[in-house]
Amino acid sequence: MDSDETKIDIKKALRVVQTVMDKGTQDGEAYRYDGLYASAGFDGYSAMLYNDYVTLNIFFHNKFTFDYSSRKERDAFMDKLGRIEKAG
């Protein structure tokens, strides 16, 4: 599915990436925290948040792609982003 139908607060998502990387456990190239994985591009201009069902890729100039297997999984992912950001 596509980013057209879902609004993403990129600043919020980037704060969650940082939280996952700060509080998480390194797992290969990514960090894992509270069921989410986060990784940052080597150039510092891209980041990724994902789980088994949803992937959010963030690029330069607040562009992104958002892929998910179902709306239910998308909504659960968005809820988790909110919880992690608030717990920060």
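Search segment 11-32 for residues that are closer than 15 Å to ARG83 by Cβ and pair each with any residue that is open to solvent by less than 80 Å² (accessible area, probe 1.4 Å) and assigned to a helix (DSSP H, G or I) when their beta-carbon atoms are under 6 Å apart and the residues are at least 6 apart or on different chains.
LYS12/GLU85; ARG15/GLU85; VAL16/LEU81; VAL16/ILE84; VAL16/GLU85; THR19/ILE84
So which residues in segment 49-88 are part of a strand (DSSP E or B) and without any contact (Cβ under 8 Å) to a residue 24 or more places away in the chain? Let's see the steps before the verdict.
Going through segment 49-88, the residues part of a strand (DSSP E or B) turn out to be 49-50, 54-58, 64-68.
Residues satisfying the conditions are TYR50, VAL54, THR55, ASN57.
Identify the residue in segment 34-48 that is open to solvent by 50 Å² or more (accessible area, probe 1.4 Å) and under 11 Å from the mean Cα position of the chain (by Cα) and, among all such residues, is nearest to LYS86 (Cα to Cα). Don't jump to the end; show me each part of the working.
Just the residues of segment 34-48 that are open to solvent by 50 Å² or more (accessible area, probe 1.4 Å), to begin with: 34, 37, 40, 42-45, 48.
When the remaining residues are screened for being under 11 Å from the mean Cα position of the chain (by Cα), the result is 37, 40, 48.
On the way: TYR37: 17, ALA40: 21, MET48: 19 Å.
Filtering segment 34-48 for residues that are open to solvent by 50 Å² or more (accessible area, probe 1.4 Å) and under 11 Å from the mean Cα position of the chain (by Cα), the one nearest to LYS86 (Cα to Cα) comes out as TYR37.
Every residue, every condition in (1) exposed (fewer than 14 other Cβ atoms within 10 Å of the Cβ); (2) of a type outside the set (Val, Ile, Thr); (3) closer than 22 Å to GLU73 by Cβ, yes or no:
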site	(1), (2), (3)
LYS7	yes, yes, yes
ALA13	no, yes, yes
VAL17	no, no, yes
GLY28	yes, yes, no
TYR50	no, yes, yes
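Confirm whether VAL20 is touching a helix residue (DSSP H, G or I) at 6+ places or on another chain (Cβ under 6 Å) and either of a type in the set (A, V, I, L, M) or in a helix (DSSP H, G or I) (or both).
Values: touching a helix residue (DSSP H, G or I) at 6+ places or on another chain (Cβ under 6 Å): no; either of a type in the set (A, V, I, L, M) or in a helix (DSSP H, G or I) (or both): yes.
Considered against the rule, which asks whether it is touching a helix residue (DSSP H, G or I) at 6+ places or on another chain (Cβ under 6 Å) and either of a type in the set (A, V, I, L, M) or in a helix (DSSP H, G or I) (or both), VAL20 comes out as no.
The values are calculated or read from the model by the stated rules, or taken from the named source; none is laboratory data. What you see is a predicted model, and the numbers here were worked out from it, not measured in a lab. As a convention, Cβ positions derive from the backbone with ideal geometry for all residues, glycine included, and neighbour counts pool all protein chains shown. All accessible areas refer to the heavy atoms of the entire protein, side chains included, with ligands and DNA or RNA removed. Shrake-Rupley method; radii C 1.70, N 1.55, O 1.52, S 1.80 Å.
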